[in-house]
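The values are calculated or read from the model by the stated rules, or taken from the named source; none is laboratory data. Computed from a predicted model, the values in this text were never measured in an experiment. Cβ: placed from backbone, ideal geometry, glycine included. Neighbour counts: every protein chain shown. These area figures cover heavy atoms from the full protein model, side chains too; ligands, DNA and RNA do not enter into them. Shrake-Rupley method; radii C 1.70, N 1.55, O 1.52, S 1.80 Å.
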Amino acid sequence: MALPRLYFLGRVPSVRFFSQLPDKAFVNGKWVPAASGKTFPVQNPVDESLLVEIPDMDSEDTKAAVDSSHRAFQKWKNTTAKERSDILLSWNTAILKNKTELATLLTKENGKPLQESVTEITYASSFLDWFAGEARRCYGDIIPSPRNDRQIFIFKQPVGVAAIITPWNFPAAMITRKIGAAFAAGCTCVVKPAEDTPLTALALAELAAEAGVPPGALNVVTASRSNTPAVGKVLCEEDNVRKLSFTGSTEVGRILYSQCAKNIKKISLELGGNAPFIVFESADLDLAVKGLMASKFRNTGQTCVCSNRIFVHSSVHDAFVAKLQQAMKQELRVGDGLQQENNQGPLVNRNQFDRFLKLVQSAKGEGAKVVHGGTPLPSVGPLFFAPTIITDVNPGMRCFVEEQFGPLVAICKFGTEEEVLQKANDCERGLAGYFYSRDVSQIWRVALNLEVGMVGANEAVLSACENAFGGIKQSGIGSEGSKYGIDEYIQLKSFTFGGLHLV
Ligand SMILES: NC(=O)c1ccc[n+]([C@@H]2O[C@H](COP(=O)([O-])OP(=O)(O)OC[C@H]3O[C@@H](n4cnc5c(N)ncnc54)[C@H](O)[C@@H]3O)[C@@H](O)[C@H]2O)c1
Ligand SMILES: O=C[C@H](O)CS(=O)(=O)O
């Protein structure tokens with residue numbers, strides 16, 4: 001399929017990734033190779049074909065990127081909030097002007113359907129717009145003094161260089177959700193994007209430079225899965241890095257958390273989820289099916305806030321399953337994301353595909369019943385899997401214990417509110433949770449008692465730049481977006497101005 005034509009109102013695309021895929025890392029405002037000259041492949045998950053080879057950077061390259069950001073921080077921290085706000089708005093404008101190109105690049109490396117990529121680019125830019133405002137309202141405090149010989153003030157200051165490590169499932173939004181807040185606070189950034197999806201990060205960096213982000217304020221270090229631990233160790237242990245913000249699996253988050261202990265780095269962790277989705281007997285079943293379709297099949301089930309454990313009251317179970325199966329048959333089209341008619345793409349790589357296949361196979365082996373789908377789709381491509389429904393699931397099965405990260409609806413019946421709350425909360429993760437009910441008192445009881453960082457009643461897509469995004473338990477530390485996100489990049493300084501004679 002020909003890529004969508006680009007109409008720029010006479011503007012000739014100047015950004016290099018329009019004419020060729022990014023094939024260098026971006027450090028200190030320059031496109032650079034790895035010092036070793038080594039590269040690693042970036043693939044298109046539709047057919048596992050090679051897109052481009054990019055620098056496979058190591059500790060030496062990472063130290064150079066940190067030093068560059070530390071130098072840039074000495075000037076960037078003294079810019080005014082208005083200046084940083086204007087640059088964030090310019091970057092936002094540049095992203096939206098190049099939305100189609102960026103979305104096409106994102107689909108090529110991630111596999112998500114083009115319309116979802118366009119939605120992600122818009123969502124990603126919303127964080128820059130949001131934090132452009134937050135920058136200008138990052139107020140300190142005047143503390144009522146206990147004595148007449150002093151005044152006490154609270155300043156909010158940027159922590160310094162922020163290391164940002166991001167996952168492959170939202171290659172644009174996970175970066176801007178962090179950098180928007182970091183820039184608003186006055187921090188500079190070193191980004192290590194996922195090895196599966198580095199191209200979007202590189203394209204965003206070029207647009208940032210176009211928008212006026214100074215050299216070194218945003219560096220992108222690219223590394224293969226084998227070199228990444230060494231890169232991560234530098235980012236965790238370098239003294240000049242004062243903040244680490246990570247989005248990814250709980251397992252990697254645990255490693256980074258311990259590595260940051262060495263020099264007590266400020267840390268934010270957005271980790272794995274295992275969201276319960278509960279359908280009570282009073283639920284509007286059509287609304288619940290609509291919510292599950294949106295929540296489960298976004299990014300082909302590869303999001304941290306996807307509904308993972310579906311609990312349906314026994315009295316409405318069969319009706320719900322029938323409605324859901326009908327909706328899946330009518331609405332889901334599996335295939336190459338660059339084909340406009342498709343809305344379900346491949347799993348992102350061979351490892352994720354094999355892990356997911358084993359998860360479905362284990363569910364069958366443990367006694368779950370496949371009601372819909374249940375098999376790979378090799379005729380569509382090597383990493384495609386049919387949207388699947390399994391029932392007769394019990395909470396001890398692997399598909400409930402583990403985060404599925406694929407197009408699987410695993411359904412378990414329940415009888416009472418007390419029972420389902422106990423089962424839903426019996427989980428080490430606590431990111432998002434959703435439920436459908438028309439009993440007002442039940443809505444309040446369940447919303448207040450579900451052990452998650454984000455809960456939706458009669459709604460299953462909660463993410464927005466205005467909303468606080470974060471998990472509890474082993475789903476993370478801190479919040480992103482919202483009025484809370486900037487605090488992750490701020491340190492408070494109290495200033496006592498003494499020797500005064502105020503009366
Ligand atoms: N909570 C959230 O907001 C959120 C968002 C997206 C993904 N996730 C979670 O991430 C997982 C899937 O994403 P993934 O496969 O990219 O996760 P991942 O943890 O394997 O990788 C995430 C990032 O960490 C890097 N990384 C891996 N090992 C590292 C190490 N030792 N040191 C430094 N960096 C390292 C990867 O290269 C990648 O850039 C799922 O569990 C999903 O729930 C959570
Ligand atoms: O996959 C995790 C993302 O944080 C989901 S969202 O884009 O923020 O909804």
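Yes or no: the stretch 326-340 includes at least one residue that is closer than 19 Å to A283 by Cα and assigned by TED's automatic domain parsing to the domain that holds D439. Looking for residues that are closer than 19 Å to A283 by Cα and assigned by TED's automatic domain parsing to the domain that holds D439, one finds at least one in the stretch 326-340, hence yes.
Conditions tested, residue by residue: (1) acidic (D, E); (2) within 18 Å of the chain's Cα centre (by Cα); (3) within 16 Å of ligand 2 (Cβ to nearest atom).
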| residue | (1), (2), (3) |
| --- | --- |
| L102 | no, yes, yes |
| W130 | no, yes, yes |
| A135 | no, no, no |
| G140 | no, no, no |
| N148 | no, no, no |
| P167 | no, yes, yes |
| T176 | no, yes, yes |
| C189 | no, yes, no |
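Total residues in the stretch 394-419 satisfying the condition of being part of a loop (DSSP other than H, G, I, E, B) and open to solvent by 10 Å² or more (accessible area, probe 1.4 Å): the figure is 8.
Just to be sure, is S90 crowded, with 23+ Cβ neighbours inside 10 Å, among the hydroxyl-bearing types (S, T, Y) and within 27 Å of G212 (Cβ to Cβ)?
no
Whether a residue is hydroxyl-bearing (S, T, Y), out of contact with any Pro (no Cβ under 7 Å at 6 or more places or on another chain), modelled with pLDDT of 95 or more and within 16 Å of ligand 2 (Cβ to nearest atom) was assessed, and S226 does not pass this test.
Each row is one residue, and each column tells you yes or no for (1) open to solvent by less than 60 Å² (accessible area, probe 1.4 Å); (2) modelled with pLDDT of 95 or more.
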residue: Q20; (1), (2): no, no
residue: V32; (1), (2): yes, yes
residue: V42; (1), (2): yes, yes
residue: D61; (1), (2): yes, yes
residue: R71; (1), (2): no, yes
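Scanning the stretch 199-255 for residues that are open to solvent by 10 Å² or more (accessible area, probe 1.4 Å), in a helix (DSSP H, G or I) and under 30 Å from C427 (Cα atoms) turns up T228, P229, K233, E251, V252, R254, I255. Take the conditions (1) surrounded by fewer than 21 Cβ atoms within 10 Å (Cβ to Cβ); (2) touching a residue at least 12 places away in the same chain (Cβ under 8 Å); (3) under 28 Å from the mean Cα position of the chain (by Cα); L431 misses just one of them, which is (1). When the stretch 302-344 is filtered for residues that are surrounded by fewer than 24 Cβ atoms within 10 Å (Cβ to Cβ) and within 16 Å of ligand 2 (Cβ to nearest atom), only T303 remains.
Please work out if G273 is in contact with a Gly (Cβ under 8 Å, 6 or more places away or on another chain), assigned to a loop (DSSP other than H, G, I, E, B) and within 15 Å of ligand 1 (Cβ to nearest atom). Considered against the rule, which asks whether it is in contact with a Gly (Cβ under 8 Å, 6 or more places away or on another chain), assigned to a loop (DSSP other than H, G, I, E, B) and within 15 Å of ligand 1 (Cβ to nearest atom), G273 comes out as yes.
Checked against (1) open to solvent by 60 Å² or more (accessible area, probe 1.4 Å); (2) within 16 Å of ligand 1 (Cβ to nearest atom), N299 passes all but condition (1).
If you go through the stretch 484-502 one residue at a time, do you hit one that is within 16 Å of ligand 2 (Cβ to nearest atom), within 30 Å of A288 (Cα to Cα) and not aromatic (F, W, Y)? No, the stretch 484-502 contains no residue that is within 16 Å of ligand 2 (Cβ to nearest atom), within 30 Å of A288 (Cα to Cα) and not aromatic (F, W, Y).
Screening the stretch 142-198 for residues that are part of a helix (DSSP H, G or I) and within 12 Å of ligand 1 (Cβ to nearest atom) and picking the one that is nearest to V32 (Cα to Cα) gives I175. The set of residues in the stretch 127-168 being polar (S, T, N, Q) and farther than 16 Å from A208 by Cβ consists of S145, N148, Q151, Q157.
Name the residues in the stretch 108-139 that are open to solvent by less than 40 Å² (accessible area, probe 1.4 Å) and among the β-branched types (V, I, T), would you? Selection gives V118, I121. When the test is whether a residue is in a helix (DSSP H, G or I) and of a type outside the set (S, T, Y), N308 does not pass it. Can you name every residue in the stretch 93-107 that is of a type in the set (S, T, N, Q), closer than 29 Å to A72 by Cα and surrounded by fewer than 24 Cβ atoms within 10 Å (Cβ to Cβ)? The one that is of a type in the set (S, T, N, Q), closer than 29 Å to A72 by Cα and surrounded by fewer than 24 Cβ atoms within 10 Å (Cβ to Cβ): T93.
May I ask you to verify whether T93 is closer than 15 Å to V191 by Cα, modelled with pLDDT of 95 or more and either assigned by TED's automatic domain parsing to the domain that holds G335 or polar (S, T, N, Q) (or both)? Judged against the criteria, T93 is not a match. If you go through the stretch 463-472 and keep only what is within 12 Å of ligand 1 (Cβ to nearest atom) and either assigned to a strand (DSSP E or B) or more than 14 Å from the chain's Cα centre (by Cα) (or both), you end up with F469, I472.
Pairing residues of the stretch 302-330 that are within 16 Å of ligand 1 (Cβ to nearest atom) with residues that are among the small types (G, A, S) and open to solvent by 20 Å² or more (accessible area, probe 1.4 Å), at Cβ distances under 8 Å and at least 6 apart in sequence or on separate chains, gives V305/S463.
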